[in-house]
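Chemist: For reference, the structure I am asking about is given below.
The values are calculated or read from the model by the stated rules, or taken from the named source; none is laboratory data. Quantities reported herein were computed from a predicted structural model and do not represent experimental measurements. Cβ: placed from backbone, ideal geometry, glycine included. Neighbour counts: every protein chain shown. With ligands, DNA and RNA removed, areas are computed over all heavy atoms of the protein, side chains included. Shrake-Rupley method; radii C 1.70, N 1.55, O 1.52, S 1.80 Å.
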Amino acid sequence: MNKQQLQAELKQAMLAKDQTKTSVLRMLISSLGYFEIQKGGAGYSATEEDVMSVIQKEAKQHKDSIEQFKAAGRTDLVEKENKELEILQVYLPEQMSEEEIKKLVIEAIEKTGASSQTDMGKVMGALMPKTKGKADGNIVSRIVREQLG
């Protein structure tokens with residue numbers, strides 16, 4: 001996925017009068033533009049990896065908002081955030097199952113020789129390149145804690 005593809009998707013959403021998708025894509029393209037400015041100014045063009053990183057960041061923010069709105073009892077806002085998150089997830093790679101993550105965690109523990117919670121940093125360091133973009137970091141760290149605990 002690149003910026004031009006997102007802009008084409010935005011145009012289609014606008015023509016289809018899909019307000020939610022239009023809003024999400026506008027926010028995403030705006031975040032991407034901000035990212036490009038931070039990264040290298042007007043001449044910088046985001047790579048596909050940059051685009052995935054921005055989409056993941058936006059999805060994480062939506063997940064955090066959902067949790068906060070649930071805690072505050074704002075079901076109307078939870079529904080809105082869930083719909084927006086569903087749209088974002090279409091553009092993300094398929095997420096790994098907990099079983100797949102668990103296999104990688106066990107391999108990383110064996111590879112690093114980790115034996116207790118104090119070794120969690122070593123295990124996470126070995127895991128993150130393999131799970132980046134494919135698994136929620138919170139789930140990965142929970143499984144690592146369970147395996148080391």
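Chemist: May I ask you to list the residues in the range 1-58 that are within 19 Å of the chain's Cα centre (by Cα), closer than 16 Å to L88 by Cα and open to solvent by 70 Å² or more (accessible area, probe 1.4 Å)?
Modeler: Across the range 1-58, the qualifying residues are Q5, R26, S30, E48, E49, K57.
Chemist: Confirm whether I139 is open to solvent by less than 30 Å² (accessible area, probe 1.4 Å) and of a type outside the set (S, T, N, Q). Talk me through it step by step, then tell me what you get.
Modeler: On the way: open to solvent by less than 30 Å² (accessible area, probe 1.4 Å): no; of a type outside the set (S, T, N, Q): yes.
No: the conditions fail for I139.
Chemist: Still on this structure: Pull out all pairs, ordered by first then second residue, where Cβ-Cβ is under 7 Å, the residues are six or more apart or on different chains, the first lies in the range 122-149 and is farther than 14 Å from Q95 by Cα, and the second is outside any helix (DSSP H, G or I) and polar (S, T, N, Q).
Modeler: L148/S116
Chemist: So which residues in the range 68-97 are modelled with pLDDT of 90 or more and among the acidic types (D, E)?
Modeler: Hits for the range 68-97 are D76, E79, E81, E84, E86.
Chemist: Restricting to the range 28-42, count the residues that are part of a helix (DSSP H, G or I) and at pLDDT below 90. Even if it seems obvious, please write down each step before you answer.
Modeler: Here is the first cut: in the range 28-42, the ones part of a helix (DSSP H, G or I) are 28-40.
Subsequent filtering for residues that are at pLDDT below 90 retains 39-40.
Total meeting the criteria: 2.
Chemist: Filtering the range 62-81 down to residues that are surrounded by 14 or more Cβ atoms within 10 Å (Cβ to Cβ) and out of contact with any Phe, Trp or Tyr (no Cβ under 8 Å at 6 or more places or on another chain), which residue is farthest from G137 (Cα to Cα)? Give the derivation first.
Modeler: Within the range 62-81, the subset surrounded by 14 or more Cβ atoms within 10 Å (Cβ to Cβ) is 62-63, 65-66, 69, 74, 77-78, 80-81.
If we keep only those that are out of contact with any Phe, Trp or Tyr (no Cβ under 8 Å at 6 or more places or on another chain) too, we end up with 62-63, 65-66, 69, 74, 80.
Details: H62: 15, K63: 12, S65: 17, I66: 17, F69: 21, R74: 26, K80: 24 Å.
Result: R74.
Chemist: Could you check the range 83-109 and list, in sequence order, the residues that are open to solvent by less than 60 Å² (accessible area, probe 1.4 Å) and either without any contact (Cβ under 8 Å) to a residue 40 or more places away in the chain or aliphatic (A, V, I, L, M) (or both)? Walk me through it before giving the result.
Modeler: The first filter runs over the range 83-109 and keeps only residues open to solvent by less than 60 Å² (accessible area, probe 1.4 Å), leaving 84-85, 87-88, 91-93, 96-97, 101, 104-105, 108-109.
Within the range 83-109, L85, I87, L88, L92, M96, S97, I101, L104, V105, A108, I109 qualify.
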